[in-house]
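Contents: one structure, followed by commentary.
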Amino acid sequence: MTQRSGPADAYSPHCFLASLGAGGIAVTFLLWLHFWMPHPAHPVPVNEDILAAFRHGPPQMKGIIVFAAAAILVFALKHYRLLIWNLRQRSTFRRT
């Protein structure tokens, strides 16, 4: 005899924490990027400071900017993918 698997067996409202975590990591990389950037003209770094550091900075700075931007993109996409999955699963779960 096989056991049926329903929406309640594959989903828990705690799954939203995975989406929250991915979004938090994306924000963490953004904050790290801002702390690494020199920003003499502003109290807080802005996009122009990041572009200036990428254009005129040493190769290590360029590598850090590329790495941080890639990490932000990857984790932001993961956040939205997990958020959409969670909302769909929650919709199915609520009907049970």
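Here is a check on your reading of the model: is Ala52 modelled with pLDDT of 95 or more and aliphatic (A, V, I, L, M)? No: the conditions fail for Ala52. For segment 21-55, a residue qualifies if it is touching a residue at least 24 places away in the same chain (Cβ under 8 Å) and closer than 26 Å to Gln89 by Cβ, and the qualifying residues are Ala22, Gly23, Ile25, Ala26. For segment 49-96, the set of residues classified as of a type in the set (Lys, Arg) and over 24 Å from Ser19 (Cα atoms) consists of Arg55, Lys62, listed by residue number. All conditions but one from (1) part of a helix (DSSP H, G or I); (2) out of contact with any His (no Cβ under 9 Å at 6 or more places or on another chain); (3) not basic (Lys, Arg) apply to Pro38; the one that does not is (1).
The values are calculated or read from the model by the stated rules, or taken from the named source; none is laboratory data. Since this is a predicted model, take the numbers as computed values, not measurements. Neighbour counts are summed over all protein chains in view; Cβ atoms, including those assigned to glycine, are modelled from backbone coordinates with ideal geometry.
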